[in-house]
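K.L.:
Here's a structure for you.
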Amino acid sequence: MTEQPTTPPVTVTQIISGDLWAGAEVQVYNLCQALSAREDISVTAVVFNPGILHDKLLALGIPVTLADETSTGALSIAKAIATHCKMQGTDIVHTHGFKENVLGVLGKEMARAPYSVRTVHGNPEHGFSFRKPHKWLTSRLDIWLGRLRQQAAIAVSTQLEQSLQVTFPGKVFKIFNFVNVEELRQTWPPETDKGPNKEALLGIVGRLVPVKRVDLFIRMIATLNDWGYPCRGAVIGNGPLEESLKKLALELGVSERISFKGFVNPAMKKIRKLDALIMPSDHEGLPMTLLEAATLGIPVVAHNVGGIPEVLSGWKRGALVDEQTPAAYADKVLSILPRQAQTGDTEAPSQSLSSPPEFENKFSSRENARKYVELYTNILSLPRGVNLPTTSS
């Protein structure tokens, strides 16, 4: 019997900063975990910072290069990317983030790797103007490289897909962020205690920075208690606004009802205990925290922005808020929490693993990893410098 010829796996190198353990980093890890389980993909990575992501990628057993930006410059990082790509025989460089796009494409060109794609994980938090010419020029370089030297821009939500079509016409593809549904449910079953007279525990997860609007969360907790609905708040995360937010809680008279948990890894340790997750961010892409909570059936009240409506639409345990006011969020909390969380009624419906409609089809690792592999494979069929034709979503 003659051996059947085999096709070598596609080697994809992920480029990510890794300075935080936040949404983009979690998604990159989920992607690498899903791809590393396949025989048709060889996944490698270059990370710019030591930390949680770097260590978790090493634990997957994939080749990882640490190009430490705390001790080296941009050109050295690009050279490290090029060296890594040459050693691994990289076919596609996959970048995640603003500086990662620029340095990743530069390293790709130095290594003469044939193709590159980027994932855009969210809207930019800061605008660019001529008042800051260095940042403005860098942002233009990022766009130029994306248009001329990358074959695809991957959007994680429909809102991002639509906005990116203007910047990268003809090369935008939508692949949702995703979670390992089975693993999360097995590892982190909900621990919400629905005993009589239990006060509801509401939580917010993320960096304590202006865009996350933790101030709205604190004011919502105060509003609910003022309305005669006793509840507590958990702030899960750290950041530069921590002290001012603690001061706000004190001024509103709810400092005893709000606990600042700091950075928690994994955040699921705290999310699984919540009666509801609150997401009042000014803007979002497709938050990983949202997907994690929805996987467990944890109710969610969130701002009607970005990819959030695509997850919560049609879900009885999800509520979208259009008006960014404490009262609007408080109203939605009262509308979706199980009766038991409000009254102590022990006959309230059990909070089982009831996720949003079509959740596993849209946001599971199996389905979306398949879409990434399909995109990678199609890109490899292109002549160098040619873009992959997009299809309607």
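K.L.:
Straight-line reach from Lys362: which lysines fall under 24 Å, measuring Cα to Cα and dropping same-chain residues less than 8 apart?
P.N.:
Lys171, Lys174, Lys316, Lys371
K.L.:
Sticking with this structure for a sec: Tell me, how many Å apart are the Cα centres for the range 256-321 and for the range 206-253?
P.N.:
15 Å
K.L.:
Moving on. By the gyration tensor of its Cα atoms, with a ≥ b ≥ c the square roots of the eigenvalues, what is the shape of the chain: rounded for a/c under 1.5, prolate for a/b over b/c, or oblate?
P.N.:
prolate
K.L.:
Charges only on Cβ, +1 for Lys and Arg, -1 for Asp and Glu: so what's the dipole of the chain about the Cα centre, in debye to the nearest 20?
P.N.:
Dipole about the Cα centre, nearest 20: 780 debye.
K.L.:
Assign one of three labels to the range 182-360, namely rounded, prolate or oblate, based on the Cα gyration tensor with a ≥ b ≥ c the square roots of its eigenvalues; rounded applies when a/c is under 1.5, prolate when it is not and a/b is larger than b/c, and oblate otherwise.
P.N.:
Here the range 182-360 falls in the rounded category.
K.L.:
How much length is gained on full extension from Leu382 to Gln165, taking 0.36 nm per residue of separation minus their Cα-Cα distance?
P.N.:
76.0 nm
K.L.:
Let me ask something additional. Which lysines, on any chain, are close to Lys247 with Cα under 22 Å apart, when same-chain ones fewer than 8 places away are left out?
P.N.:
Within the straight-line limit of under 22 Å, Lys247 reaches these lysines: Lys212, Lys261.
K.L.:
Tell me which residues come under 5 Å, amide H to amide H, from Thr11 once H is placed; ignore anything under 5 positions away on its chain.
P.N.:
Here Ser42, Asp91, Ile92 satisfy the definition.
K.L.:
May I ask for the distance between the Cα centers of the range 52-105 and the range 156-180, given as a whole number of Å?
P.N.:
What the calculation gives is 23 Å, centre to centre.
K.L.:
Helix by helix through the chain, keep the DSSP H runs that span 27 Å or more along the axis on Cα and average at least 0.0 on Kyte-Doolittle, and give those back in order.
P.N.:
Helix filter hits for the chain: none.
K.L.:
What does the charge dipole of the range 146-304 about its Cα centre add up to, to the nearest 20 debye, if the Cβ of each Lys and Arg holds +1 and the Cβ of each Asp and Glu holds -1?
P.N.:
360 debye
K.L.:
Here is a further query. What is the order of Val211, Val26, fewest Cβ neighbours within 10 Å to most?
P.N.:
Ordered by Cβ neighbours within 10 Å, fewest first: Val211, Val26.
K.L.:
What is the order of Arg147, Arg118, fewest Cβ neighbours within 10 Å to most?
P.N.:
Placing the least packed residue first, the sequence is Arg147, Arg118.
K.L.:
Can you find, among Leu164, Trp136, Val47, the residue sitting farthest towards the positive end of the charge dipole of the chain, where Lys and Arg contribute +1 and Asp and Glu -1 at Cβ?
P.N.:
My answer, from the dipole projection, is Trp136.
K.L.:
Sorting Val181, Val235 on the 10 Å Cβ count, fewest up front, what's the list?
P.N.:
The most exposed by this proxy come first: Val181, Val235.
K.L.:
Report, ordered by chain and residue number, the lysines lying within cross-link reach of Lys86, taken as a straight Cα distance under 23 Å and ignoring same-chain residues fewer than 8 apart.
P.N.:
Lys99, Lys108
A short reminder: the numbers here are calculations on the coordinates, not readings from a lab. All figures in this text were calculated on a predicted structure; none of them were measured in a lab. Note: ideal-geometry Cβ built from the backbone for every residue, glycine included; neighbour counts use all protein chains shown.
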